[in-house]
Amino acid sequence: MPRPVRGRRTGVVPRQPTRSPGAAVPPSDPARSRSAWTSWAGGPAGLAAAVDAARRGHDVRLWEASDVLGGQFGLAAVIPGKEDYAGPVQAARAELAERGATVHLGRAATVDDLTGSDAVVLASGVVPREVALPGADLPHVLTYEQALREGVPEGSVAVIGGGGIGVDTAAFLTESPDEAVRAVEFAARWDVPVSTELVGDLPQRQPTVHRTVRPGHLVTVLRRNGKFGQGVGLTSRWVALGRLRDAGVRMLGDVQEYLRIEPGALWIRDGSGTEVAVPADVVVLCAGQEARDDLVAGLRSADVPFAVVGGARDARAVDAVRATSEALEAVRALAP
């Protein structure tokens, strides 16, 4: 998933820009010429571009296929310990409302929607990569995005992919969404004396939601080769893996081949060449991402000025800093 620095991944969490889209700036100049400007969609890059254009007095329309803004930041914010990623999204949403931008939620933009714009920034991001595996279309098989947005039913879970996405997904499956609960567990794990009064006053950065939190022994994270959590920052990878091991999560590496998915099991060929059935009432696919750039040809045919930025431009290196920089550069070139 998103990459924080060149050559490194951090799972669901992209590195945040040093200044959030909602940072304080001088008010927009009402005398500035306004143009109809569109951002598609509402992840960190799209939000940054939309806020920048609105600040400079342009008539901004923002489209987001999901029911909520945030994109990769929105997914990151549901991972235990990463709730702060909701902050920049909330700030950008508030500023767009204050500056009169139009935000369309819950429907993907079409070429017809965008042809009335003077300029378009396509920050449509990425979609989970599909896998060519027998049984991948069964109803108990979820993408990581479905799992994080909608939750995962009770039972055993096999996570295909042990990079940053898989590690974050395993934490989501096994750790409480309640920060006070996690604080108590952390104190007990590391023998840190923490007063109950302090824990009881702990502010919740995200609204506490009910979701199924399962024992770690019901979760198996699988990886073909390389290190689990490979690319996660050196100062945080050991923590992320350590908390999964403490929870009892099984991490199965050196998988030679994923063979098929059946109800209740994921069949693999392990490192010794033996066919093994991994318990799996649910299978979560964390096998990478692909660019979402399906509007490019239509906009080009319609002769609408546009730029593609972020993951939609290059899904191999999904980095919020790079994506935001590209979005700001694009919007200032298209809508000066």
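Structural remarks
- Filtered by the rule that a residue be touching a residue at least 24 places away in the same chain (Cβ under 8 Å) and within 22 Å of Glu154 (Cα to Cα), region 267-281 gives Val278, Pro279, Ala280, Asp281.
- Against the test of being modelled with pLDDT under 95, open to solvent by 20 Å² or more (accessible area, probe 1.4 Å) and more than 17 Å from the chain's Cα centre (by Cα), the options Pro128, Pro153, Pro139 yield a single qualifying residue, Pro153.
- Yes/no for Ala323 being within 17 Å of the chain's Cα centre (by Cα) and either under 22 Å from Leu47 (Cβ atoms) or in contact (Cβ under 8 Å) with a residue 60 or more places away in the chain (or both): yes
- Evaluation of Gly242 against the conditions (1) closer than 25 Å to Glu154 by Cα; (2) in contact with a Gly (Cβ under 7 Å, 6 or more places away or on another chain); (3) part of a helix (DSSP H, G or I) shows that the sole unmet condition is (2).
- Test for Arg243: is it out of contact with any strand residue (DSSP E or B) (no Cβ under 8 Å at 6 or more places or on another chain) and farther than 19 Å from Thr169 by Cα: no
- Extreme residue, nearest to Asp118 (Cα to Cα), among residues of region 309-336 that are among the hydrophobic types (A, V, I, L, M, F, W, C) and assigned to a loop (DSSP other than H, G, I, E, B): Ala335
Conditions tested, residue by residue: (1) open to solvent by 30 Å² or more (accessible area, probe 1.4 Å); (2) in a strand (DSSP E or B).
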| site | (1), (2) |
| --- | --- |
| Ala265 | no, yes |
| Ile268 | no, yes |
| Ser272 | yes, no |
| Val276 | yes, yes |
| Val283 | no, yes |
| Glu290 | yes, yes |
| Asp293 | yes, no |
| Gly298 | no, no |
| Ala307 | no, yes |
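- Selection count where residues are open to solvent by 10 Å² or more (accessible area, probe 1.4 Å), modelled with pLDDT of 90 or more and touching a Gly at 6+ places or on another chain (Cβ under 7 Å), scope region 219-236: 2
- Residue count for region 301-332, restricted to those that are more than 13 Å from Val121 (Cα to Cα) and modelled with pLDDT under 90: 9.
- Exactly one residue out of Leu114, Leu133 is out of contact with any Pro (no Cβ under 6 Å at 6 or more places or on another chain), open to solvent by less than 50 Å² (accessible area, probe 1.4 Å) and farther than 30 Å from Ile261 by Cα, and it is Leu114.
- Pair list, Cβ < 7 Å and 6+ apart or interchain, from region 129-152 residues that are under 12 Å from Cys286 (Cβ atoms) to residues that are open to solvent by 30 Å² or more (accessible area, probe 1.4 Å): Arg129/Ala287; Arg129/Glu290; Val131/Ala287; Leu148/Val78
- Inspection of region 48-61 identifies at least one residue that is assigned to a loop (DSSP other than H, G, I, E, B), small (Gly, Ala, Ser) and out of contact with any Leu (no Cβ under 6 Å at 6 or more places or on another chain).
- For Arg269, the stated conditions do not hold, so it cannot be described as at pLDDT 95 or above, of a type in the set (D, E, K, R) and under 22 Å from Asp168 (Cα atoms).
- Count - residues of region 207-218 that are open to solvent by less than 100 Å² (accessible area, probe 1.4 Å) and at pLDDT 70 or above: 7
- Test: residue in region 96-107 that is polar (S, T, N, Q), crowded, with 17+ Cβ neighbours inside 10 Å and in contact (Cβ under 8 Å) with a residue 24 or more places away in the chain: no
Every residue, every condition in (1) of a type in the set (S, T, N, Q); (2) at pLDDT 90 or above; (3) open to solvent by 10 Å² or more (accessible area, probe 1.4 Å); (4) closer than 13 Å to Leu122 by Cα, yes or no:
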| site | (1), (2), (3), (4) |
| --- | --- |
| Ser20 | yes, no, yes, no |
| Val25 | no, no, yes, no |
| Trp37 | no, no, no, yes |
| Ala53 | no, yes, no, no |
| Val60 | no, yes, no, no |
| Phe73 | no, no, no, no |
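- Within region 180-206, residues that are modelled with pLDDT under 60 reach partners that are open to solvent by less than 50 Å² (accessible area, probe 1.4 Å) and assigned to a loop (DSSP other than H, G, I, E, B) with beta carbons closer than 7 Å, at six or more positions or on different chains, in the pairs Gln206/Ala77.
The values are calculated or read from the model by the stated rules, or taken from the named source; none is laboratory data. Computed from a predicted model, the values in this text were never measured in an experiment. Methodologically, a virtual Cβ is constructed for each residue, glycine included, from the backbone with ideal geometry; neighbour enumeration extends over all protein chains shown. For accessibility, only protein heavy atoms count, side chains too; no ligands or nucleic acids. Shrake-Rupley method; radii C 1.70, N 1.55, O 1.52, S 1.80 Å.
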